[in-house]
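These notes are about the structure you will find just below.
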Amino acid sequence: MTASKLNRYGTLITILLIAVIVTGGIVAWLRYSPSQPIEISLPQGQEWQGTIYISGNVTNPGFYPFSSRDSLAVLIQEAGGTATSANASGLRLYISEPGAGEAPQKVDINRAEVWLLEALPGIGETLAQRIVDYRQQNGAFRNIQDIVKVDGIGTTKYEQIKDWITVAD
């Protein structure tokens, strides 16, 4: 083979590769669909109120009151906003049925295991383990305010969970 034939084959292969890359790019661009905004709509004329549990990519997951006048953006702001670089697909919303169990079920911090304590708003695995460790070292909590004695739980965290915890006799 001569150099001119090799040069022609090289040029032909280069043109073919460019065509494949451009075609692949066009196909990928046509198939791309950006995430659609989340929209919740309620029938007109009905006033809804209840509790919503917001978790996932938010700063302060937990239960929040809502009404039909609240937008999703307002509810997410109530939960401290989205975590850094979060997208909406990582959010989870659980809306309680109207009239269903107005009083929340409370967690007995003197008996709950780590996995149950983790269900409390803002309590992760580490804090849950600290609660259990504190209870084992110091005995049962006498009242719910004693939970602030656990390392990592201050008044802010206590205010978040005080409606969700109890101590049994």
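The values are calculated or read from the model by the stated rules, or taken from the named source; none is laboratory data. This one's a predicted model, so the numbers in the text were calculated from it and none came from an experiment. Please note: Cβ atoms are built from the backbone with ideal geometry, for glycine as well, and neighbour counts cover all protein chains shown. Calculation scope for accessible area: heavy atoms of the full protein, side chains included, ligands and nucleic acids excluded. Shrake-Rupley method; radii C 1.70, N 1.55, O 1.52, S 1.80 Å.
Within segment 146-169, residues that are without any contact (Cβ under 8 Å) to a residue 24 or more places away in the chain and within 18 Å of residue 118 (Cβ to Cβ) sit with their Cβ atoms under 9 Å from residues that are among the hydroxyl-bearing types (Ser, Thr, Tyr) and surrounded by 11 or more Cβ atoms within 10 Å (Cβ to Cβ), at 6+ positions apart or across chains, in these pairs: 150/134; 151/134. Of the helices (runs of 4 or more DSSP H) lying entirely inside segment 106-169, those carrying at least 3 residues that are open to solvent by 60 Å² or more (accessible area, probe 1.4 Å) and in contact with a helix residue (DSSP H, G or I) (Cβ under 8 Å, 6 or more places away or on another chain) are 125-138.
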